[in-house]
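Colleague: I have a structure here, written as C-alpha cells, and I will follow up with some questions on it.
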C-alpha cells in the first residue's frame, strides 16, 4: 500500500531553522514533492526530489533518502509569512502515475 | 500562475441536490485533476482526465462523476450531494512534457452540504 507520515503541527521562532520530516511507503516511487499551503489558499509547489541528496532553493532545502523512505524540508531564517501547512507528496507509478499527498504539517512561526 | 479558475468559489446546498463544479484552464494542458481536501486526510484524488473525453477514477470517486468535452473545462458533478461531501475541492493541472509532473492548483471551491 501507500502511506505518508508527517507531523501534524510544529512551532518555531522567527529567524530560526525548522526541519519538517516526511516518511513514506510506496511500491513504485517516482519522485517526492513539497508544497506550501497558506490557510484558505491553494497548495503551491516548493520542491521536487527524485534522487538521493539535498536540493537547495533559497531559504528552502529538501532532502531525500530513497532507501529509508525519508525526506525533510528545511526552512532557514524563518519569517512570519512562512506560517502555513507543508504538504509532502509522493509520485507513484503503480497502476499508472498518481500523486499521493500526506495530511500536511501546520507550521506556526512566532515572534 | 497556471491560468486555472474554479467556479463557484463557495456553495451551500442541501442533501440530495445535484451540484456541478467547474474547472477552467487557459493554457491547453492535457492533464487535469479533481481533489478534495479534508482535515486530517490531505488531498485525495477524485477523478482525473488525460484528454478530451478521457477520464479515470481516483481513490475517492464514489458519488462523483466528471466530464471533459473541451480541453479547457473539467466538470465535477455530485449527482445527489451528501453531508460527507462537504469539503474543499481543488482542481489541478500538470503541464505537459514536464520532467517533474508538478501539479498546479486552482483556488478551490468550498462546498457545504446541509
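What follows draws every value from the coordinates through simple rules; no lab data is involved. Since we're looking at a predicted model, the values are computed, not measured. Every residue, glycine among them, receives a Cβ derived from its backbone with ideal geometry; neighbour counts consider all protein chains shown.
Colleague: Within the stretch A:37-53, track down each residue that is within 9 Å of chain B (Cβ to nearest Cβ), in a loop (DSSP other than H, G, I, E, B) and either surrounded by fewer than 13 Cβ atoms within 10 Å (Cβ to Cβ) or in contact with a strand residue (DSSP E or B) (Cβ under 8 Å, 6 or more places away or on another chain) (or both).
Modeller: Residues satisfying the conditions are A:40, A:42, A:43, A:50.
Colleague: Assess whether residue B:77 counts as being in contact (Cβ under 8 Å) with a residue 12 or more places away in the chain, in a strand (DSSP E or B) and more than 26 Å from residue A:92 (Cβ to Cβ).
Modeller: Values: in contact (Cβ under 8 Å) with a residue 12 or more places away in the chain: yes; in a strand (DSSP E or B): yes; more than 26 Å from residue A:92 (Cβ to Cβ): yes.
So residue B:77 passes the test.
Colleague: A further question on this structure: Among the residues of the stretch A:1-31, write down those that are under 18 Å from residue A:62 (Cβ atoms), over 14 Å from the mean Cα position of the chain (by Cα) and within 14 Å of chain B (Cβ to nearest Cβ).
Modeller: Within the stretch A:1-31, A:26, A:29, A:30 qualify.
Colleague: Could I ask something else about it? Kindly provide the set of residues from the stretch B:20-47 that are farther than 18 Å from residue B:88 by Cα and part of a strand (DSSP E or B), ordered by number. It would help to see each step written out before you state the result.
Modeller: So the first thing to find is which residues in the stretch B:20-47 are farther than 18 Å from residue B:88 by Cα, and the list is B:25-31.
Within the stretch B:20-47, B:25, B:31 qualify.
Colleague: Kindly indicate which of B:107, B:95, B:18 is over 20 Å from residue A:98 (Cα atoms) and within 14 Å of chain A (Cβ to nearest Cβ). Walk me through how you get there before you give the answer.
Modeller: On the way: B:95 fails: over 20 Å from residue A:98 (Cα atoms); B:18 fails: within 14 Å of chain A (Cβ to nearest Cβ).
That would be B:107, the only listed residue that is over 20 Å from residue A:98 (Cα atoms) and within 14 Å of chain A (Cβ to nearest Cβ).
Colleague: Of all residues in the stretch B:1-19, which are surrounded by 15 or more Cβ atoms within 10 Å (Cβ to Cβ) and outside any loop (DSSP other than H, G, I, E, B)? Spell out how you get there, then give the answer.
Modeller: Of all residues in the stretch B:1-19, those surrounded by 15 or more Cβ atoms within 10 Å (Cβ to Cβ) come to B:2, B:4, B:6, B:11, B:13, B:19.
Once the filter is applied, which keeps residues that are surrounded by 15 or more Cβ atoms within 10 Å (Cβ to Cβ) and outside any loop (DSSP other than H, G, I, E, B), the stretch B:1-19 yields B:4, B:6, B:11, B:13, B:19.
Colleague: Out of the stretch A:93-109, which residues are in contact with a strand residue (DSSP E or B) (Cβ under 9 Å, 6 or more places away or on another chain) and within 11 Å of chain B (Cβ to nearest Cβ)?
Modeller: A:93, A:96, A:97, A:98, A:99, A:100, A:101, A:102, A:103, A:104, A:105, A:106
Colleague: Now for a different question. Please work out which one of (1) touching a residue at least 40 places away in the same chain (Cβ under 8 Å); (2) within 30 Å of residue A:88 (Cβ to Cβ); (3) buried (at least 17 other Cβ atoms within 10 Å of the Cβ) is the condition residue B:38 fails and give its number.
Modeller: (3)
Colleague: What number goes with the only condition from (1) more than 14 Å from chain A (Cβ to nearest Cβ); (2) in a strand (DSSP E or B) that residue B:50 does not pass?
Modeller: (1)
Colleague: Hey, any hits in the stretch B:27-40 for a residue that's within 14 Å of chain A (Cβ to nearest Cβ) and out of contact with any strand residue (DSSP E or B) (no Cβ under 9 Å at 6 or more places or on another chain)? It would help to see each step written out before you state the result.
Modeller: First, the residues of the stretch B:27-40 that are within 14 Å of chain A (Cβ to nearest Cβ): B:30-40.
Applying the additional criterion that residues be out of contact with any strand residue (DSSP E or B) (no Cβ under 9 Å at 6 or more places or on another chain) yields B:39-40.
Within the stretch B:27-40, one or more residues are within 14 Å of chain A (Cβ to nearest Cβ) and out of contact with any strand residue (DSSP E or B) (no Cβ under 9 Å at 6 or more places or on another chain).
Colleague: Also: Picking from B:62, B:101, which residue would you name as being within 24 Å of residue A:103 (Cα to Cα), more than 9 Å from chain A (Cβ to nearest Cβ), out of contact with any helix residue (DSSP H, G or I) (no Cβ under 7 Å at 6 or more places or on another chain) and in a loop (DSSP other than H, G, I, E, B)? Steps first, please.
Modeller: Details: B:101 fails: more than 9 Å from chain A (Cβ to nearest Cβ).
Testing whether each residue is within 24 Å of residue A:103 (Cα to Cα), more than 9 Å from chain A (Cβ to nearest Cβ), out of contact with any helix residue (DSSP H, G or I) (no Cβ under 7 Å at 6 or more places or on another chain) and in a loop (DSSP other than H, G, I, E, B) leaves just B:62.
Colleague: Here's something else I'd like to know. Out of all the residues in the stretch A:101-110, which are part of a strand (DSSP E or B) and surrounded by 20 or more Cβ atoms within 10 Å (Cβ to Cβ)? Please lay out each step first, then the result.
Modeller: Initial filter on the stretch A:101-110 (part of a strand (DSSP E or B)): A:101, A:105-110.
Matches in the stretch A:101-110: A:101, A:105, A:107, A:109.
Colleague: Could you please find all residues in the stretch A:56-92 being over 24 Å from residue A:39 (Cβ atoms), more than 12 Å from the chain's Cα centre (by Cα) and either within 14 Å of chain B (Cβ to nearest Cβ) or in a strand (DSSP E or B) (or both)?
Modeller: A:56, A:65, A:91, A:92
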